[in-house]
């Protein structure tokens, strides 16, 4: 299914979890910080920023995480595979032209941006960006997709 996406967000919601999807508007370098190294990848207009909340929760932090990455270009932090803190990560972020959801990876420990940790109910979804649209394939039955608007103020009055 193909969804138009201008300045709004797409909310992909299951019964207990969700994904929030937005597109990138400008080119920038995204730094990915691991325990041993730093990787930088180019992000292009039309690429996607996806936040996954495998256990659900409030949607506002997901909006904020997307904005921290696509507007303020904050680096992503990747924990070592056996780090005890990965169990407490409620929201994870991935950035790229195509992103696959997976429930078989540990949260916050995967530096490759083509995968994002998800719940079982949202596993296997493929999100492809490009231009003004998002193509979503392998969407499980019973999962809803809706457009959302959210404005985060970036200046003080």
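The criterion of being assigned to a loop (DSSP other than H, G, I, E, B), at pLDDT below 95 and surrounded by 16 or more Cβ atoms within 10 Å (Cβ to Cβ) does not hold for residue 154. Where strands (runs of 3 or more DSSP E) fall wholly inside region 1-100, the ranges with 1 or more residues that are without any contact (Cβ under 8 Å) to a residue 40 or more places away in the chain, farther than 16 Å from residue 131 by Cα and in contact with a helix residue (DSSP H, G or I) (Cβ under 7 Å, 6 or more places away or on another chain) are 48-53. Restricting to region 114-133, name every residue that is closer than 9 Å to residue 98 by Cα and in a strand (DSSP E or B). Passing the criteria: 115, 126, 127, 128.
The values are calculated or read from the model by the stated rules, or taken from the named source; none is laboratory data. Given the structure is predicted, the values throughout are model-derived calculations rather than measurements. So basically every Cβ, Gly included, is an ideal-geometry build from the backbone, and we count neighbours across all protein chains shown.
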